[in-house]
Amino acid sequence: MATALITGINGFTGRHMAAELRSAGYSVMGLAHEASVDVFQCDLLDRPGLVEVVKQVKPEVVVHLAGIAFVAHGDVDAIYRTNVVGTRNLLDAIVKSGCKPRSVVLASSANIYGNATVEPIEETTPAAPANDYAVSKLAMEYMSKLWLDQLPITLVRPFNYTGAGQSLNFLLPKIVDHFKRRAPVLELGNLNVVRDFSDVRSVVARYRLLLESGLSGESFNICSGRGHSLLEVVQMMRELTGHDPEIRVNPAFVRANEVHRLIGSRAKLDATIGTVPEIPLRDTLKWMLESAV
């Protein structure tokens, strides 16, 4: 049984990643802010602590999901410390521990592409980050390349994804929650933004297959290849619930440097790991609506 180490295991993606790996026969250990069974309490800024954890776990594969994932996070210093310095500390800890994993997957973000002028966006599309979160992820990518002579690193650039258990800070869970509560008014930002939404279950399945691919030094878009506007999402929720709230555009929710369209190509990914069945967005929304999480 291979041992996997997941950083951020108690987060939204981490929980689903752990379930995916366990179902595939892995022994799963994790890093989080709070310790529990098979989970170590350790901060990414605690370099000696990270070394000790990796020495104990001796992972054969590592999935690095810990980090600040909310674009509008208010603490810019924390974004860079966690996403860049924290990731460097993890890579350093793996090497210093003497551990030699066969695969290390680092989660970047499709936000590095910014307002790309091509569609769909391929991995070769020039980066044009439009906010601090995206800059931190791009900086993390460049930093990680310094470790390629010592570690088998694969970078994943997920586009938007969602599912049961995602924080209400994120847009689709917020919309689902309003419909679930049958709130009379739903305030949103730009209704015409178009995003490439995936189901988190498809995302973690692709991460697992990349862990098992034996590749190193490659970057992959994780996406559905199809865009949906917020208006389409709202219409799906109306059909699923029979509820028709008043939709108001709140200027406070319209971000400066808004990325208007973000649709990816998964051609490189599919050619590498094969096609993972796509879960339609309507089915994902229904799962979220019916979930007690």
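The values are calculated or read from the model by the stated rules, or taken from the named source; none is laboratory data. These numbers come from a predicted model, not from an experiment. Cβ sites come from the backbone with ideal geometry, for glycine too, and all protein chains shown count toward neighbours. Calculation scope for accessible area: heavy atoms of the full protein, side chains included, ligands and nucleic acids excluded. Shrake-Rupley method; radii C 1.70, N 1.55, O 1.52, S 1.80 Å.
Some points to look at:
- Screening LEU269, LEU210, LEU285, LEU186 for residues that are part of a strand (DSSP E or B) and open to solvent by less than 30 Å² (accessible area, probe 1.4 Å) leaves exactly one candidate, LEU186.
- Of the residues in region 84-95, none is within 18 Å of TRP147 (Cβ to Cβ) and part of a loop (DSSP other than H, G, I, E, B).
- Members of region 161-173 that are more than 15 Å from GLU232 (Cα to Cα), open to solvent by 20 Å² or more (accessible area, probe 1.4 Å) and either of a type outside the set (Phe, Trp, Tyr) or under 11 Å from the mean Cα position of the chain (by Cα) (or both): TYR161, GLY165, GLN166, SER167, LEU168, ASN169
- Subset of region 25-44 (residues that are touching a helix residue (DSSP H, G or I) at 6+ places or on another chain (Cβ under 7 Å) and among the hydrophobic types (A, V, I, L, M, F, W, C)): VAL28, MET29, LEU31, PHE40, CYS42, LEU44
- Pair list, Cβ under 9 Å, 6 or more apart: region 222-242 residue without any contact (Cβ under 8 Å) to a residue 60 or more places away in the chain and more than 29 Å from LEU106 (Cβ to Cβ), other residue of a type in the set (Gly, Ala, Ser) and surrounded by fewer than 17 Cβ atoms within 10 Å (Cβ to Cβ): LEU230/GLY189
- Any hit, region 231-239, residues being at pLDDT below 95 and not in a helix (DSSP H, G or I): no
- All conditions but one from (1) open to solvent by less than 80 Å² (accessible area, probe 1.4 Å); (2) hydrophobic (A, V, I, L, M, F, W, C); (3) farther than 18 Å from ASN160 by Cβ apply to LEU262; the one that does not is (3).
- When residues in region 1-16 are screened for being closer than 14 Å to VAL104 by Cα and buried (at least 22 other Cβ atoms within 10 Å of the Cβ), 4 of them pass.
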